[in-house]
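A short worksheet on the structure shown next.
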Amino acid sequence: MPFKQEYFTLNNGHKIPAVAVIGTGTRWFKKEETESNFSHELVSQIKYALTLPGVIHIDAAEIYRTYPEVSQALKEAGRRRDEIFITDKYSTSLKLSENPVKGLDISLEKLGLDYVDLYLLHSPFVNEEQNGFTLEQAWKYMEEIYNSGKAKNIGVSNFAKEDLERILKIATIKPQVNQIEYSPFLQNQTPGIYKYCQEHDILLEAYAPLGPLQKRPTDARSDPFYKIVDKLAHKYDKSEALIILRWVSKRGVLPVTTSSKPSRIQDAQHLYDFDLTGVETEELTKAGLEHEPLRLYWTEQYSKFDSEAQKL
């Protein structure tokens, strides 16, 4: 079957590859960046991804502390820059650099790049005492970066509706993206965020979209959700992971995934080789909503919203 790549169109008219196949956080995250904990495995996985067809979407962040691995993989792979889409994120809850402008300059130097394709504020947890600037000022730094050309697109991550409302009041450039935890078992990381971003033309990206498979219950065989996933996996001759990732995309959300297995990275890059029907998508949506919220990240900050996490 010939390779088929899909894109989402952002609110500035730019295109973004509709799946990110290499997230360099989660399983690769490190508390400190040292020569002794350099991950040759991550380098190998990125290099493998860069042999696949199409534009390869790589998701990185200051707090992951994996810039050396990304940099080495990019150098050794020798892939054309216009065939790579790189997302980077500025650490907010843990201050690692002076401000987003300085932070991006440091990451570009470490990565050996002139620009990133997408730059995000990693969380809305910004205050003057901790960071030296407010959330509104943080967004002004992001607009400065956008206007400099060092980031082709800008956005946020883990932002609730109220956080977006704050920056939209002062923004001259609207965020293009809000990257949140999103899966069939967490369809709103915070109250109403899915609908709000759709209404305001801010693309949602989903990290940890395969949470239901990572935390599969012991009684999964009798669970309606897993029965539907299994049925569709057999119908389309695809893995359960691909069924869920395709569901994410059918909801108008960009899935961000990763794996230590080359076959799964390849599968993700070929996500758009098949399609779910509208009825199948809705069936998965409803079955997912029947589950208690499954929240893997930012639990301390957002578990208070669990009663509303599974309401559309």
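Please count how many residues of segment 256-300 are touching a Phe, Trp or Tyr at 6+ places or on another chain (Cβ under 7 Å), part of a helix (DSSP H, G or I) and either surrounded by fewer than 16 Cβ atoms within 10 Å (Cβ to Cβ) or not hydrophobic (A, V, I, L, M, F, W, C) (or both). Qualifying residue count for the region: 3. When Gly103 is tested against (1) assigned to a loop (DSSP other than H, G, I, E, B); (2) surrounded by 14 or more Cβ atoms within 10 Å (Cβ to Cβ); (3) not hydrophobic (A, V, I, L, M, F, W, C), exactly one condition is not met: (1).
For segment 29-59, filtering for residues that are of a type outside the set (Asp, Glu) and within 19 Å of Asp267 (Cβ to Cβ) leaves 16. If I go through segment 1-31 residue by residue, how many of them are small (Gly, Ala, Ser) and under 15 Å from Ile46 (Cβ atoms)? Residues flagged as small (Gly, Ala, Ser) and under 15 Å from Ile46 (Cβ atoms) within segment 1-31 amount to 3.
Give the residues of segment 49-72 that are without any contact (Cβ under 8 Å) to a residue 40 or more places away in the chain and either of a type in the set (D, E, K, R) or surrounded by fewer than 23 Cβ atoms within 10 Å (Cβ to Cβ) (or both), sorted by residue number. Across segment 49-72, the qualifying residues are Leu50, Thr51, Arg65, Gln72.
Among the residues of segment 63-77, at least one is within 22 Å of Thr51 (Cα to Cα), hydroxyl-bearing (Ser, Thr, Tyr) and within 18 Å of the chain's Cα centre (by Cα). Annotation: Arg246 fulfils all but one of (1) among the basic types (Lys, Arg); (2) over 17 Å from the mean Cα position of the chain (by Cα); (3) over 25 Å from Tyr302 (Cβ atoms); the unmet one is (2).
Among the residues making up segment 15-66, those that are touching a Ser or Thr at 6+ places or on another chain (Cβ under 6 Å) and of a type in the set (Ser, Thr, Tyr) are Thr24, Tyr64, Thr66. Just name the residue that is nearest to the chain's Cα centre (by Cα) out of those in segment 7-62 that are of a type in the set (Gly, Ala, Ser) and farther than 27 Å from Ser93 by Cα. Applying the filter and picking the extreme gives Ala18.
Ser71 falls short on exactly one of the conditions (1) among the hydroxyl-bearing types (Ser, Thr, Tyr); (2) at pLDDT below 95; (3) not in a loop (DSSP other than H, G, I, E, B), and that condition is (2). Glu98 meets the conditions (1) outside any strand (DSSP E or B); (2) surrounded by 21 or more Cβ atoms within 10 Å (Cβ to Cβ) in every case but one. The failed one is (2).
Per this entry, Phe29 is counted among residues that are within 20 Å of Ala206 (Cα to Cα) and either surrounded by 13 or more Cβ atoms within 10 Å (Cβ to Cβ) or not acidic (Asp, Glu) (or both). Is at least one residue of segment 25-48 touching a residue at least 60 places away in the same chain (Cβ under 8 Å) and closer than 25 Å to Ser148 by Cβ? No.
Each row is one residue, and each column tells you yes or no for (1) on the phi < 0 side of the Ramachandran plot; (2) touching a Pro at 6+ places or on another chain (Cβ under 8 Å); (3) at pLDDT below 95.
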| site | (1), (2), (3) |
| --- | --- |
| Asn178 | yes, no, no |
| Gln189 | yes, no, no |
| Gly192 | no, no, no |
| Pro217 | yes, no, yes |
| Val248 | yes, yes, no |
| Gly252 | no, no, no |
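Counted as qualifying within segment 134-247 are the helices (runs of 4 or more DSSP H) with 3 or more residues that are exposed (fewer than 15 other Cβ atoms within 10 Å of the Cβ), namely 135-148, 161-170, 193-199, 224-236.
The values are calculated or read from the model by the stated rules, or taken from the named source; none is laboratory data. Because the structure is predicted, anything quoted here is derived from the model rather than measured. Methodologically, a virtual Cβ is constructed for each residue, glycine included, from the backbone with ideal geometry; neighbour enumeration extends over all protein chains shown.
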